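Peer 1: Following this message is one structure expressed as structure tokens.
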Amino acid sequence: MGGLTVLHVDTKQMKIHHEGTNILILLFIVLLALNIPVWLFLPPWILPAICSGLSLLVYSFVFNFFRCPVRSFKGDSKNLVVSSVDGKVVAIERVREPEFIKGDAIMLSVFMSPLNVHANWFPTSGVVEYVKHHNGRFLSAYLPKSSTENERSTIGLATPEGYRLTVRQIAGAMARRIVTYAKVGQYALIDEHLGFIKFGSRVDIYLPLDAEILVEMGQATRGGLTPIARLPKIKA
């Protein structure tokens, strides 16, 4: 494994992702509508207090899920691939990627729990050459077959050096909606969001076989910040 690039992260900037705005507003209205009659018609106070406490817990969980830190990669990003998401590395293996690379590649998978940030970043800068959504099942994202059987969205990137990378957003048992912002023809930047997956899932990144892997199984990653691979300086 190669050495990791030192990062300087501004942790002070945080916002709520726009994908969660309507959900949070609706949830607030629903919980308020439930709590008002409870306080009015269910004495003694201990029962309404329990209901309000549970409501606050639910709202805090959903609010936390849609948090979206403002991140900017400060190191030298040339030939570097960063994690698209926050989570844990659950797979590093050689596979065949038939959709965009159309050949053998190293698949590096990061699993997101419901407690992770769920915004998805572009893993490298380059031109978006391929975007396709696939309907499918909602198996646990931990399972290897979720990469090909689950609801998913595939994005193909071509770097300025001529490398081709595939990013696959995969729905899980809880995640029922994948949002993809990437558009064919777009020049993507490493600091930009490529999409969002709601309520826990997985992202697979398919790398060239000669890429130097910089992470290990079980390692925690941060989207847009953690280097996961380094591409050779000159494409063979």
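The values are calculated or read from the model by the stated rules, or taken from the named source; none is laboratory data. Since we're looking at a predicted model, the values are computed, not measured. We place every Cβ from the backbone using ideal geometry, glycine too, and count neighbours over all the protein chains shown. Keep in mind that these areas ignore ligands, DNA and RNA; they rest on the heavy atoms of the full protein, side chains included. Shrake-Rupley method; radii C 1.70, N 1.55, O 1.52, S 1.80 Å.
Peer 1: Sorted by accessible area with a 1.4 angstrom probe, largest first, how do Arg71, Arg202, Arg94 fall?
Peer 2: So, going from the largest accessible area down, we get Arg94, Arg71, Arg202.
Peer 1: Find, among the chymotrypsin sites (Phe, Trp or Tyr not before Pro) in segment 65-134, those assigned to loop by DSSP (not H, G, I, E, B) with at most 12 other beta-carbon atoms within 10 angstrom.
Peer 2: Sites meeting the loop and neighbour criteria: none at all.
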